[in-house]
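In what follows, a single structure is set out as structure tokens and then discussed.
The values are calculated or read from the model by the stated rules, or taken from the named source; none is laboratory data. The structure displayed is predicted, hence computed values, not measured ones. Glycine gets a Cβ as well: all are built from the backbone with ideal geometry, and neighbour counts include every protein chain shown. To get the accessible areas, we keep the full protein, side chains included, count just its heavy atoms, and leave off ligands, DNA and RNA. Shrake-Rupley method; radii C 1.70, N 1.55, O 1.52, S 1.80 Å.
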Amino acid sequence: MITGKTKLLGVIGYPIEHSLSPVMHNAAIARLGVDYVYLPFSIHPKDLKSAVNGFAAIGLQGFSITIPHKQAILPLLSEVTDVATAVGAVNTVWRTEAGWSGTNTDVEGFLAPLRELERDWSEAVAVILGNGGASRAVVAGCHQLGCAEIHVVGRDGEKLEEFLKSWMNSPLGINLKVHTWKNLPELLPNANLLVNTTPVGMAPQVERSPLSPAEVDLLSTHLIAYDLIYTPNPTLFLKQAKEKGAIALDGLEMLVQQGAAALRIWLQQDVPVDVMRRSLQEYLGLPFSLSAIG
Ligand code: NAP
């Protein structure tokens, strides 16, 4: 029940109608029985600063950030974690005495299903398809895992060079190589972890895969294939990789786990990840499963 004592959390974006965060956060809040509510806020980019000041004025406890505010929020924060600085984007903000603090829980969300596999990553070769926003969290995640090599594959040489440069002074000290798509066939046979961070294969274009049939043939049998896309589930890319014997991880778990990490920050307590996962599976009409590992 919402009362005069109920504390406010929320998510900002523009548009915000498609955000799945209110579904999973309010499901967790209900299960925990804590006196909070999590609301969607549609904030036009020109109103970001006044909205954030307004959130302080109304005593909002914290908020999630989605497109297009993940970078623009940075100058409005009094403190930013090293991981968010390195990724160049903030997705979770909370109140402190000094103002708003921010971090990026996408990295933790990405890592959660990989950590469940309990592998030794020190000799692992990671190949990341795409060099947009999500790719940055994946690069930071592969670095945190301790991968021996991190390769990023993109379609635009100039953007790839900029991507590479942006990591050079990173507080995380990340070492990576960038490649255009034509080099992918050389990278695939040695890849232990292959991550799709492009939107290729996302609904409604469910018949598309970021890999050509010839590239699928180059996948090794000891591969972990990870698609950040969560609808459809599984994607064609994951189906192809599974047919080659790979372990397949879908994007739903990253979504759930980045949300769980944010809720832990706000509530300072453990949160029911299974309830969050199940609420999204139900909302998206996906079959129930206890984890993302397929
Ligand atoms: P983004 O910033 O727009 O980056 C997309 C990247 O994919 C860019 O490098 C883009 O290349 C590349 N790309 C787009 N179309 C392509 C194509 N036809 N062929 C090859 N490369 C292509 O998007 P984002 O925010 O990183 O999101 C990417 C995907 O990850 C989306 O599907 C999103 O839903 C998913 N995602 C999932 C989670 C999760 O929690 N599971 C979190 C974040 C994102 P150019 O730069 O050359 O255009």
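Treating only the Cβ of Lys, Arg, Asp and Glu as charged (+1, +1, -1, -1), what charge dipole size does region 108-250 show about its Cα centre? Round to the nearest 20 debye. Value, rounded to 20: 160 debye. With a cut-off of 13 Å between beta carbons, the residues surrounding VAL11 carry a summed charge of 0, where Lys and Arg count +1 and Asp and Glu -1. Taking Cβ atoms as reference points and 11 Å as the exclusive limit, the residues near THR198 contribute a net charge of +1, counting Lys and Arg as +1 and Asp and Glu as -1.
Among ASN183, GLY10, ALA248, whose Cα projects farthest towards the positive end of the dipole of the chain, with charges put on the beta-carbon of Lys, Arg (+1) and Asp, Glu (-1)? Of the options given, the answer is GLY10. In the assembled protein chains, LEU76 presents an accessible area of approximately 50 Å² (probe radius 1.4 Å).
The C-alpha atoms of the chain define a longest principal axis, and helix 157-168 lies at about 60 degrees to it.
Comparing region 108-250 with the 2.2 N^0.38 Å rule of thumb, its C-alpha radius of gyration ratio is 0.97 (two decimals). Other residues whose C-beta falls under 12 angstrom from the C-beta of SER78 contribute a net charge of -1, scoring Lys and Arg +1 and Asp and Glu -1. When the Cα positions of ALA30, LEU219, VAL127 are compared along the charge dipole of the chain, ALA30 comes out farthest toward the positive end, with charges on each C-beta of Lys, Arg, Asp and Glu. Taking all protein chains together and a 1.4 Å probe, the residues ASP106, ASP82 rank ASP82, ASP106 from largest to smallest accessible area. Taken over the C-alpha atoms, the chain has Rg and Dmax values of 19.2, 61 angstrom.
Of the residues PHE288, PHE237, PHE41, the one with the largest accessible area comes first in the ranking PHE288, PHE41, PHE237, computed with a 1.4 Å probe on protein heavy atoms. Residues HIS25, HIS44, ordered by accessible area of protein heavy atoms at a 1.4 angstrom probe radius and largest first, appear as HIS44, HIS25. A full extension of the chain between SER50 and GLU243 corresponds to an added length of 64.4 nm, given 0.36 nm per residue minus the alpha carbon distance. Round to the nearest 10 and report in Å² the accessible area of SER19, as given by a 1.4 Å probe over the protein chains' heavy atoms. Approximately 30 Å² of SER19 is accessible to the 1.4 Å probe.
Compute the longest continuous run of the chain that contains no exposed GluC sites (Glu not before Pro); treat a site as exposed when its DSSP state is not H, G, I, E or B and it has at most 12 other Cβ atoms within 10 Å. My reading of the result: 208-294 is the longest stretch. When the surface is traced with a 1.4 Å probe over the full set of protein chains, TYR283 keeps roughly 140 Å² accessible. Under a model in which nothing but the beta-carbon of Lys, Arg (+1) and Asp, Glu (-1) is charged, the chain shows a dipole of about 580 debye around its Cα centre.
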